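The values are calculated or read from the model by the stated rules, or taken from the named source; none is laboratory data. All values reported here derive from a predicted model rather than from experimental measurement. Neighbour counts run over all protein chains shown; Cβ positions are idealised from the backbone, glycine included. Note: areas computed on protein heavy atoms with side chains; ligands, DNA, RNA excluded. Shrake-Rupley method; radii C 1.70, N 1.55, O 1.52, S 1.80 Å.
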Amino acid sequence: MSSEPLLQVRDLGVTFRSGSRTTVAATGVSFDLGAGEVLAVVGESGSGKSVSSLALTGLLPPPPACVVTGSAKLSGVELIGMDEASLSRVRGRRIAYIFQEPGTSLNPVYDIGFQIGEAVRLHRPDKKDVAAAVRRALEDVRIDDPGRVARSYPHELSGGMQQRAMIAMALACRPDVLVADEPTTALDVTIQKEIMDLLARIRAEKRMAILLITHNFGIVASFADHVQVMRNGRIVEHGRTAEVMGSPRDDYTRGLIACIPRLGQRRRRLTTLREELRPR
Amino acid sequence: MKETPRPLLEVRDLAVHYPVRAPWFFLPAPAPKKAVDGVSFTVPRGKTVGVVGESGSGKSTTGKAVIRLAPVTRGAIVYDGTDLTALGADGFHPYRKKIQMIFQDPYNSLNPRTDVFGILSEPLEIHFPGMSRSERESRCEALLKGVQLTGDDLRKHPHEFSGGQRQRIGIARALAVQPELIICDEPVSALDVSVQAEVVNLLQDLQESLGLTYLFIGHDLAVIEHVSDHVLVMNAGRIVEQGPPESILQDPKEEYTRRLLAAVPRF
């Protein structure tokens, strides 16, 4: 019998209610994520890729506005339906998030050191030396001058440095699972490469599992072990990255890959998803 | 000797410097921030010149300087034979019609409080004051059809549209005054890849049917390679390299361009 994966999600569903209208944002989402693995979730906006990751730790509005069904087990412990007090011990400590826009996700009125230390103070009251933990977290993300950065406010840092600070914050409590929601979308390609290299190194060193939400297939190809493609709240394709990217079985996946312009392969016209999905 | 036709836009030694204030009044002011510093290029009529570079490279500022959204410290912006930097506000007015801009963020660049008709007819009221309301309505309807939306969309507000549809509205607004040159400032960076392909194709179709000229600013090298006839690579306010896309992006001469290309994940 194989051992249980670190994170096991089964038939996860998210439904939003507003007045008499209900919107199914995700349905039938199932996947396994083992320690040290990277699973990429790709899809267009509105496909349910972010919503299903937020549902894992109750980061969505409470019922009746939003109803989460199904099961998500972290090391065998059920997360869906868990009470708020227990969830807040999971959030940040076992499952940490980094979001797309570091500029808006960081609190502008506190310095970086305080914000990284906050998670440490909350989850590790036993930790005597918070400052040392903050410095270690900043060193983990390869910041050369941790003392200066810890005393800086978000607006004093570049986008790349802000994103590193966000990652440091997520790593400060050594989570088992890191959810990276479009971690490089707002960044330049050179900074993007630095951040992705950094995540790859941290994952290898700490055997951390990463759930990578993105729409950049280039990043998926070079970084993820497995990939799942979502459309309208459902997983349409799931498999090893090389297989899905090399020979996609689903028309939608094929269309999504076909419409991306690639360097050195100039075409007269870009293929659109609509053309690709038209019945032939 | 064969005479080359006059380019639609010629930028010579353009500089945009922003003064930096001293931290205290008795201290000397620090050196000005040189956002753009000595940039020269030409944009031939009917062609697309792509500008790539990291954030802070001055690529957007260069585009903004052309339509007076950034102050020109030095240099000449020659549009169809006329130096725009020498013109006063009245003299520049007709060029606001000839040169239009499409912005990156379709969520923030459309007025949320007016309907699509209001958004599209505002430039018409300014630049075609003699036009009647019914003329403007039929014109706006035609504009929407041109970007693959329908006349029914005229009464809707921006929030009722998806990101890709909003960007189409932004394009229709730019087209409303029949411009010759459009400055596209990261027009597809905020869009999903599937929507990106549709908007890029639309821009290329419009270029062909209307004979438009584009200054296309972006950070996605593959998109720039796809749309451009000529590429400028910018870093720290200067052009480090320029030429046809196949030579710049396949066989770059400069270390900076090589580094930029090496950072693009391939698949």
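Working only within the range B:44-84, note down all residues that are free of Cβ contacts under 8 Å to residues at least 24 places away in the same chain and either over 30 Å from B:Asp205 (Cβ atoms) or assigned to a loop (DSSP other than H, G, I, E, B) (or both).
B:Asp83, the sole residue that qualifies.
From (1) open to solvent by less than 50 Å² (accessible area, probe 1.4 Å); (2) over 16 Å from the mean Cα position of the chain (by Cα); (3) within 11 Å of another protein chain (Cβ to nearest Cβ), pick out the condition that doesn't hold for B:Val240.
The one condition B:Val240 does not meet is (3).
Return only the number of the condition from (1) more than 11 Å from chain A (Cβ to nearest Cβ); (2) among the β-branched types (Val, Ile, Thr); (3) open to solvent by 10 Å² or more (accessible area, probe 1.4 Å) that B:Val193 does not satisfy.
Of everything listed in (1) more than 11 Å from chain A (Cβ to nearest Cβ); (2) among the β-branched types (Val, Ile, Thr); (3) open to solvent by 10 Å² or more (accessible area, probe 1.4 Å), B:Val193 misses just condition (1).
Looking at (1) within 11 Å of another protein chain (Cβ to nearest Cβ); (2) among the aliphatic types (A, V, I, L, M); (3) within 24 Å of B:Lys64 (Cα to Cα), find the lone condition where B:Leu249 falls short.
(3)
From the list B:Thr48, B:Thr62, B:Thr82, which one is in contact with a Phe, Trp or Tyr (Cβ under 9 Å, 6 or more places away or on another chain) and surrounded by fewer than 17 Cβ atoms within 10 Å (Cβ to Cβ)?
B:Thr82
For B:Gly164, indicate whether it is within 14 Å of chain A (Cβ to nearest Cβ) and either open to solvent by less than 10 Å² (accessible area, probe 1.4 Å) or more than 18 Å from B:Gly118 (Cα to Cα) (or both).
yes
Of the residues that make up the range A:252-267, is at least one more than 9 Å from every other protein chain (Cβ to nearest Cβ), more than 18 Å from A:Asn216 (Cβ to Cβ) and either open to solvent by 20 Å² or more (accessible area, probe 1.4 Å) or not hydrophobic (A, V, I, L, M, F, W, C) (or both)?
So far as the range A:252-267 goes, no, none of its residues is more than 9 Å from every other protein chain (Cβ to nearest Cβ), more than 18 Å from A:Asn216 (Cβ to Cβ) and either open to solvent by 20 Å² or more (accessible area, probe 1.4 Å) or not hydrophobic (A, V, I, L, M, F, W, C) (or both).
Can you run down the residue pairs with Cβ atoms below 6 Å, 6 or more apart or on separate chains, where the first is in the range B:128-139 and of a type outside the set (Ser, Thr, Tyr) and the partner is crowded, with 16+ Cβ neighbours inside 10 Å and part of a helix (DSSP H, G or I)?
Correct list of pairs: B:Met131/B:Leu124; B:Arg136/B:Ser121; B:Arg136/B:Leu124.
Kindly evaluate B:Gln207 against the criterion of being open to solvent by 20 Å² or more (accessible area, probe 1.4 Å) and facing chain A (nearest Cβ under 7 Å).
No; evaluated as a whole, the condition is false for this residue.
Any idea which of A:Ala200, A:Ala180, A:Ala165 is within 15 Å of the chain's Cα centre (by Cα), in contact (Cβ under 8 Å) with a residue 12 or more places away in the chain and open to solvent by less than 10 Å² (accessible area, probe 1.4 Å)?
A:Ala180
Please find, within the range B:210-237, the residue that is nearest to the other protein chains (Cβ to nearest Cβ) out of those that are farther than 27 Å from A:Lys193 by Cα and open to solvent by 10 Å² or more (accessible area, probe 1.4 Å).
Residue satisfying both the conditions and the ranking: B:Asp229.
State yes or no: is A:Arg249 more than 8 Å from chain B (Cβ to nearest Cβ), assigned to a loop (DSSP other than H, G, I, E, B) and open to solvent by 10 Å² or more (accessible area, probe 1.4 Å)?
yes
Quick check on my filter: what residues within the range B:85-104 are open to solvent by 60 Å² or more (accessible area, probe 1.4 Å) and farther than 21 Å from B:Phe216 by Cα?
Passing the criteria: B:Ala86, B:Ala89, B:Asp90, B:His93, B:Pro94.
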